[in-house]
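A.B. asks: Got a structure for you, questions after.
The values are calculated or read from the model by the stated rules, or taken from the named source; none is laboratory data. If you're wondering where the values come from, they're calculated on a predicted model, not measured in any experiment. Virtual Cβ from ideal backbone geometry, glycine too; neighbours counted across all protein chains shown.
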Amino acid sequence: MQSIRNFFRPAWSSTARLDDRTVIITGANTGIGKETAIDLAKRGAKIIMACRDMEKAQAAMKEVTESSGNQNVVCMKLDLGDTNSIREFAEAINSGEPKVNILINNAGVMSCPFGKTADGFEMQIGINHFGHFLLTYLLIDLIKRSAPARIVNVSSMAHSWGSINLEDINSEKSYDKNRAYAQSKLANVLFTRSLAKRLEGTGVTTYSLHPGVVQTDLYRHLPGAQRAVVKLVSPFTKSSIQGAQTNIYCAVEPSLDNESGGYYSDCAPANCSAAGKDDELAQKLWELTCQTLAITWE
């Protein structure tokens with residue numbers, strides 16, 4: 001089994017250091033978020049683990065600290081399903097941190113039953129897209145002052161199966177959990193593309209990525225038959241460490257300094273769907289998102 005998994009391990013490594021850099025990782029208490037935190041902590045960065053469950057976050061912070069030997073690791077409360085929590089977190093960062101050099105929008109939910117966030121958004125578009133959009137908006141001035149800086153949005157190959165329903169973005173008229181997930185992941189790609197255009201010349205670059213099919217608890221909401229399929233193909237999936245590699249690549253790879261807005265997989269540029277390159281759709285989604293969140297971001 002291990003030899004099969006080695007087939008997926010990207011032939012990429014870097015000795016790049018992140019000393020004196022500050023990194024925020026959402027959903028850093030488990031899976032690829034935690035492995036990303038461990039790696040970047042080993043590179044000398046200050047790590048801010050932004051997590052909803054503080055009990056799990058404290059345990060994960062201890063693991064990150066012990067694994068990396070870096071004591072400059074903290075965890076902070078962030079519920080991406082609640083805009084009040086997002087604003088409180090951003091206010092604490094803006095008032096307490098002199099810089100944010102890397103923001104990794106990693107947290108997410110997948111194929112969950114229909115539910116709504118605290119603000120009434122459908123759960124998957126609400127957390128995966130709206131939540132990270134608002135967080136980035138609230139931190140963008142600090143990130144620009146910290147340039148060179150990077151914003152990494154964890155998407156999925158599932159974006160290629162998605163479409164953006166501008167008339168029913170919250171899937172209230174018709175809900176299919178897999179379509180809603182694919183829509184949210186396409187939104188991540190389009191957000192990255194739009195953000196890159198708006199940040200040209202600022203020294204802040206953006207990246208979206210597919211981490212691979214990774215064995216994480218994201219699959220907990222899948223029906224029994226689909227979970228059985230995931231288990232069946234598990235020898236061909238990535239471990240969390242392997243799944244974190246493209247996160248890490250987009251955060252630290254020096255050759256990406258002048259690249260922005262692209263989509264990556266297996267630590268290399270990859271092709272996203274035609275919809276993911278649709279600038280008109282990206283602009284419409286941007287406008288709808290700002291309207292939905294009651295913010296102005298030109």
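A quick yes/no check of all residues on (1) crowded, with 23+ Cβ neighbours inside 10 Å; (2) touching a residue at least 40 places away in the same chain (Cβ under 8 Å); (3) assigned to a helix (DSSP H, G or I):
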{"residue": "LYS34", "(1), (2), (3)": "yes, yes, yes"}
{"residue": "ALA59", "(1), (2), (3)": "no, no, yes"}
{"residue": "ARG87", "(1), (2), (3)": "no, yes, yes"}
{"residue": "LYS99", "(1), (2), (3)": "no, yes, no"}
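A.B. asks: Turning to a different aspect of this structure: Collect the residues in the stretch 36-57 that are outside any helix (DSSP H, G or I) and acidic (Asp, Glu), keeping them in residue-number order. Full working, then the answer.
C.D. replies: Residues of the stretch 36-57 outside any helix (DSSP H, G or I): 43-53.
Selection gives ASP53 alone.
A.B. asks: Hey, can you tell me all the residues within the stretch 142-170 that are part of a helix (DSSP H, G or I) and small (Gly, Ala, Ser)? Break it down stepwise before answering.
C.D. replies: Within the stretch 142-170, the subset part of a helix (DSSP H, G or I) is 142-145, 157-161.
Correct list: ALA158, SER160.
A.B. asks: To continue, here is another question. So ALA107 ticks every box in (1) over 18 Å from SER194 (Cβ atoms); (2) surrounded by 21 or more Cβ atoms within 10 Å (Cβ to Cβ); (3) out of contact with any Gly (no Cβ under 7 Å at 6 or more places or on another chain) but one. Which box is left unticked?
C.D. replies: Only one criterion in (1) over 18 Å from SER194 (Cβ atoms); (2) surrounded by 21 or more Cβ atoms within 10 Å (Cβ to Cβ); (3) out of contact with any Gly (no Cβ under 7 Å at 6 or more places or on another chain) is unmet by ALA107, namely (3).
A.B. asks: Within the stretch 4-50, restricting attention to residues that are aromatic (Phe, Trp, Tyr) and under 12 Å from GLN245 (Cβ atoms), which residue is modelled with the highest pLDDT?
C.D. replies: TRP12
A.B. asks: Within the bounds of the stretch 127-141, is there any residue that is assigned to a helix (DSSP H, G or I), among the small types (Gly, Ala, Ser), within 22 Å of ALA57 (Cβ to Cβ) and at pLDDT 95 or above?
C.D. replies: Checked against the condition, which is being assigned to a helix (DSSP H, G or I), among the small types (Gly, Ala, Ser), within 22 Å of ALA57 (Cβ to Cβ) and at pLDDT 95 or above, the stretch 127-141 yields at least one hit.
A.B. asks: OK, next. Failed condition for LEU186, given (1) under 21 Å from GLU280 (Cα atoms); (2) in a loop (DSSP other than H, G, I, E, B), with all others met?
C.D. replies: Condition not satisfied by LEU186: (2).
A.B. asks: When the residues of the stretch 123-142 are filtered to those that are touching a strand residue (DSSP E or B) at 6+ places or on another chain (Cβ under 8 Å) and buried (at least 24 other Cβ atoms within 10 Å of the Cβ), which remaining residue is farthest from ARG21 (Cα to Cα)?
C.D. replies: GLY126
A.B. asks: Let me ask you something else. Would you check if VAL214 is at pLDDT below 95 and β-branched (Val, Ile, Thr)?
C.D. replies: Considered against the rule, which asks whether it is at pLDDT below 95 and β-branched (Val, Ile, Thr), VAL214 comes out as yes.
A.B. asks: Okay, moving on. For the list (1) modelled with pLDDT under 95; (2) buried (at least 24 other Cβ atoms within 10 Å of the Cβ), I need the number of the one condition that MET1 fails.
C.D. replies: (2)
A.B. asks: Another question, if that's okay. Which pairs do you get when a residue that is without any contact (Cβ under 8 Å) to a residue 12 or more places away in the chain, found in the stretch 43-57, comes within reach of a residue that is in a loop (DSSP other than H, G, I, E, B) and surrounded by 15 or more Cβ atoms within 10 Å (Cβ to Cβ), reach meaning Cβ atoms under 7 angstrom, with the pair 6+ apart or on two chains?
C.D. replies: So the pair list comes out empty.
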